[in-house]
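What follows is a single structure, written as structure tokens, with notes after it.
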Amino acid sequence: MRVGVTNLRVKYAGASELLFNDLTLHIEKGEKVLLLGPSGCGKSTLLQVLSGLIPAAVPVPMKVEEKMIPESTGYVFQDPDAQFCMPYVDEEMAFVLENRAIPRSEMKGLINTYLDKVGLHFDDPHVEIATLSQGMKQRLAIASVLSLEPDVLYLDEPTALLDPEGTKDVWETIKKIDDDQTMVIVEHKVDHVIDFVDRVVLFDDSGTILADSDPETILSFYKHKMKEFGIWYPGIWKEHEHGLKRETKNALSVMTIEDLKGFKGKKCLVELPEAVIHEGEWIVITGENGAGKSSLLLSIMQVLKTTGDVHVDGKALHSIKEAREKLAFVFQNPEFQFVTNSVYDELAYSMSEDVQNRVTTWLQNYELLNHQHQHPYQLSTGQKRKLSVGTALFGNQRILLLDEPTFGQDAKNTFKLLEYFEDLRSKGITIMMVTHDPNIVETYATREWIISKGRRVSDRNVNRGEEAVVHAVDS
Amino acid sequence: MQLTLDYNETWLHRMNPAFKLVFFLFLFLGLLFIHNPNIITYVTLLPLILVAFFTGHKRKLLLILMIPFLLLFVSSSSSMIFFGQGTTTWWKWGLIHITEESFYRGLHIGFRALNFALLGLIFALTTRPVLLFYSLTQQLKVPPRFAYSFMAAVRILPMMVEEFQQLKNALLVRGVKKEKGWKRITQSITLYAVPLLSQSIRRAHRIAVAMESKQFHNGKRTYYYETRLSKFDGLFVLYIVLGVVTMVWLGLEVPTYEITDVRNSD
């Protein structure tokens, strides 16, 4: 056994139940193990226990009958911006070598060797980390962890915050690491790893192991369980009962955009020469990180300095105040939009008439009635997102702008949110949504804009899943 | 977000940062012992020359940075000039009372403030934080635990600036009603400080865990940058010593003002 725990019990402060109750997991040398489970089932916690971070660096009360933690471990975290302590690539790599007390004369060579292993090539590795793409940052994180020469490599959702391009690069990098490297992996984007791992451990939402076997067995015998607990699995989108509502396309235009340009200082971040948006459309805005997708939404909302015209229902928007009455906007980080101390107050904040009735109805409809007195920060990520949408739609606006609302959520939450949006859309609300997920484009969007370098390079109508099926039958 | 400036490396950058820090502290102290306005006026030339020619930054940037310093000079000297005590009255109008003594004392204080500011500017413009902390651990034996935490903290600052922007936008979009008077202050604290702090605390914790996972410890380690004393440190000491000697001599032999000691002469 390379790494493992026998009868592990973990309890977080304030939690009423044990997170793990007598959990046993043993991993052999050279194995590549994927831990799968719904959000909040404790996969990351288990990974931290297996790597020794709990309790050494993160004090969490735990009890274990027997544990085997390798001497040298490497841990790649989720957030590319929260795992470096130095400003430059070479300095960050050197940080690990310094910790290992490697003589200074050998550092330069080793830095290049490890950067090579993850396919990062610089003429001079003295490059600012802040200038790298998120995908490159994660590859740098892997390189610095490899330079620890770890017995076991732990990967804690290394691509959760990356775009599809970055995700692909990172997994290709990981797959090139030596064959006999032991790895323990937590990853939602199952498609990328399922062919790579030799063993899958499946958890339910209370942190109990449901199954522990090779990927084929898990996929053929436990799909229903994965569906039940809302775990991503390959092909889930095909089986997803998306409950698409009837198209309400009646060519009634709700918003027109002419010569819109959004500026930061004097720099033009994004431009859109013209666009007509119709009622009931679901426009998905895609493109690489930093292409200007968020800037486009901010420009429409008049948050950035803009030139050009945005008309909604024939009325021109000049300020955020005017925009707010016509458009609902949800930011990537919902926490930033909360301004009060309870879920109820949050919804009531911008309303002026019939407040109690409307808030209570909303809370009932979207299953948050039991949480109405809680602080918004105490909600789960999925609930936070739902609440921020609810607060944005206070004035029955007809257009909803969303900035990556399904980022880093598990299958259950993602589908719940998408169904919520689809429900809103069927009621006549137009949706404009920034996303990286091609599956959302295929399944839900009625129109896709691709943004590249601050310009819209493609505008196409998408046949929604349902119609595609109908079409197939026809021919 | 990019907060770094482009510059050419000069000999001031190559000085040992810890030595520079300590030496500058002594210079600050030394300035307090100059009481002759003639001398301090000439002495101001020393840091001024360094800022103008040897920091390796663009002229435009330097000129912009000089604006607040001139303001500092004017404000600190003017208050002493207008309201200071003295016996030889030059001009009096209401509360304003300019005397010969207060005028020179004001000028003196202005130059002293300017000297402090210029030295501070030289230090800030020619010292990379990373090298300063490396040098502090190696020369002054500051525990790595503190030095590396500071370096990690420096990295968080630009992220906080970016988050502040996002938060500001989000609150604008929410249409936060601004309170009036005192309540406005408590309101902005809860609206801005709570989310920004909660983000930063969580991020700092994550970075700390990441650092520990990379086997960071407080014990024996090697250093990627070895910081030593070099000829540039000698050069700087020489510049200051020769410079001060020259300026003191000039101040005594070629005085520009009649007064030679700004302290009360009684």
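When A:VAL58 is tested against the conditions (1) at the interface with another protein chain (Cβ under 7 Å from one of its Cβ atoms); (2) touching a Phe, Trp or Tyr at 6+ places or on another chain (Cβ under 7 Å), the lone failure is (2). The residue list A:THR113, A:THR73, A:THR24, A:THR131 contains one member that is among the hydroxyl-bearing types (Ser, Thr, Tyr) and under 23 Å from B:ARG145 (Cα atoms), which is A:THR73. Taking the numbered list (1) more than 8 Å from chain B (Cβ to nearest Cβ); (2) open to solvent by less than 20 Å² (accessible area, probe 1.4 Å) in turn, A:LYS117 passes all entries but (2). A count restricted to segment B:128-142 and to residues that are away from chain A (no Cβ under 12 Å), open to solvent by 60 Å² or more (accessible area, probe 1.4 Å) and either assigned to a helix (DSSP H, G or I) or modelled with pLDDT under 90 (or both) stands at 1. When A:GLN397, A:GLN364, A:GLN337, A:GLN372 are checked against the criterion of being out of contact with any Gly (no Cβ under 9 Å at 6 or more places or on another chain), more than 22 Å from A:LEU418 (Cα to Cα) and modelled with pLDDT of 85 or more, A:GLN372 stands alone in meeting it.
Determine whether segment B:143-158 contains at least one residue that is under 30 Å from A:MET351 (Cβ atoms) and either facing chain A (nearest Cβ under 9 Å) or open to solvent by 30 Å² or more (accessible area, probe 1.4 Å) (or both). No, segment B:143-158 contains no residue that is under 30 Å from A:MET351 (Cβ atoms) and either facing chain A (nearest Cβ under 9 Å) or open to solvent by 30 Å² or more (accessible area, probe 1.4 Å) (or both). Among the conditions (1) more than 9 Å from chain B (Cβ to nearest Cβ); (2) part of a loop (DSSP other than H, G, I, E, B), the only one that A:ASN21 does not satisfy is (2). B:THR87 meets all of the listed conditions (1) more than 30 Å from A:SER294 (Cα to Cα); (2) β-branched (Val, Ile, Thr); (3) open to solvent by less than 50 Å² (accessible area, probe 1.4 Å) but one, namely (3).
When B:LYS183 is tested against (1) within 10 Å of chain A (Cβ to nearest Cβ); (2) basic (Lys, Arg); (3) within 21 Å of A:SER342 (Cα to Cα), only condition (1) is not met.
Among residues of segment A:298-319 being β-branched (Val, Ile, Thr) and within 12 Å of chain B (Cβ to nearest Cβ), the one that is most open to solvent (accessible area, probe 1.4 Å) is A:VAL303.
On the stretch given as segment B:33-49, residues that are open to solvent by 60 Å² or more (accessible area, probe 1.4 Å) and in contact (Cβ under 8 Å) with a residue 40 or more places away in the chain total 2. Can you tell me which residue among A:VAL3, A:VAL10 is open to solvent by less than 40 Å² (accessible area, probe 1.4 Å) and within 30 Å of A:ASP179 (Cβ to Cβ)? None of the others qualify; the one that does is A:VAL3.
I'd like to check something: does segment B:72-84 contain any residue that is of a type in the set (A, V, I, L, M) and out of contact with any helix residue (DSSP H, G or I) (no Cβ under 9 Å at 6 or more places or on another chain)? So far as segment B:72-84 goes, no, none of its residues is of a type in the set (A, V, I, L, M) and out of contact with any helix residue (DSSP H, G or I) (no Cβ under 9 Å at 6 or more places or on another chain).
A:PHE229 meets all of the listed conditions (1) crowded, with 19+ Cβ neighbours inside 10 Å; (2) over 30 Å from A:GLN364 (Cβ atoms); (3) more than 14 Å from chain B (Cβ to nearest Cβ); (4) of a type outside the set (Val, Ile, Thr) but one, namely (2). Across segment A:211-241, the number of residues qualifying as over 21 Å from A:LEU155 (Cβ atoms) and over 22 Å from the mean Cα position of the chain (by Cα) comes to 8.
Among the residues here, B:ILE207 qualifies as within 9 Å of chain A (Cβ to nearest Cβ), open to solvent by less than 20 Å² (accessible area, probe 1.4 Å) and either of a type in the set (Gly, Ala, Ser) or in contact with a helix residue (DSSP H, G or I) (Cβ under 6 Å, 6 or more places away or on another chain) (or both).
Given the condition without any contact (Cβ under 8 Å) to a residue 60 or more places away in the chain, open to solvent by 10 Å² or more (accessible area, probe 1.4 Å) and under 29 Å from A:ILE440 (Cα atoms), answer yes or no: does some residue in segment A:159-171 qualify? Looking through segment A:159-171, at least one residue is without any contact (Cβ under 8 Å) to a residue 60 or more places away in the chain, open to solvent by 10 Å² or more (accessible area, probe 1.4 Å) and under 29 Å from A:ILE440 (Cα atoms).
Of everything in segment B:210-241 that is within 14 Å of chain A (Cβ to nearest Cβ) and in a helix (DSSP H, G or I), the residue that is most open to solvent (accessible area, probe 1.4 Å) is B:GLU212. For B:LYS177, the requirement of being in a loop (DSSP other than H, G, I, E, B) and either in contact with a strand residue (DSSP E or B) (Cβ under 6 Å, 6 or more places away or on another chain) or within 7 Å of chain A (Cβ to nearest Cβ) (or both) is not met. Checked against the criterion of being modelled with pLDDT under 90 and within 30 Å of A:GLY135 (Cβ to Cβ), the candidates A:SER16, A:SER44 yield just one match: A:SER44. When the test is whether a residue is within 30 Å of A:THR256 (Cα to Cα), of a type in the set (S, T, N, Q) and modelled with pLDDT under 90, A:GLN378 does not pass it. Selection of segment A:174-191 for residues being without any contact (Cβ under 8 Å) to a residue 60 or more places away in the chain, open to solvent by 10 Å² or more (accessible area, probe 1.4 Å) and under 17 Å from A:VAL118 (Cα atoms) yields A:LYS175, A:LYS176, A:ASP178. Of A:PHE77, A:PHE95, which residue is in contact with a Cys (Cβ under 7 Å, 6 or more places away or on another chain) and closer than 30 Å to A:ASP123 by Cα? The match here is A:PHE95. A:ASN112 meets all of the listed conditions (1) under 29 Å from the mean Cα position of the chain (by Cα); (2) among the polar types (S, T, N, Q); (3) more than 10 Å from every other protein chain (Cβ to nearest Cβ) but one, namely (1). The condition of being open to solvent by 60 Å² or more (accessible area, probe 1.4 Å) and of a type in the set (A, V, I, L, M, F, W, C) holds for only one of A:MET62, A:MET68, A:MET86, A:MET93, that being A:MET68. In segment A:320-387, counting only helices (runs of 4 or more DSSP H) that sit wholly within it, the ones holding 2 or more residues that are away from every other protein chain (no Cβ under 12 Å) and surrounded by 15 or more Cβ atoms within 10 Å (Cβ to Cβ) span A:343-348, A:355-365.
The values are calculated or read from the model by the stated rules, or taken from the named source; none is laboratory data. In this text, all values refer to a predicted model and were calculated from it rather than measured experimentally. Ideal geometry is used to build each Cβ from the backbone, glycine not excepted, and the neighbour counts take in all protein chains shown. Remember, those area values only see protein heavy atoms, side chains included, never the ligands or the DNA or RNA. Shrake-Rupley method; radii C 1.70, N 1.55, O 1.52, S 1.80 Å.
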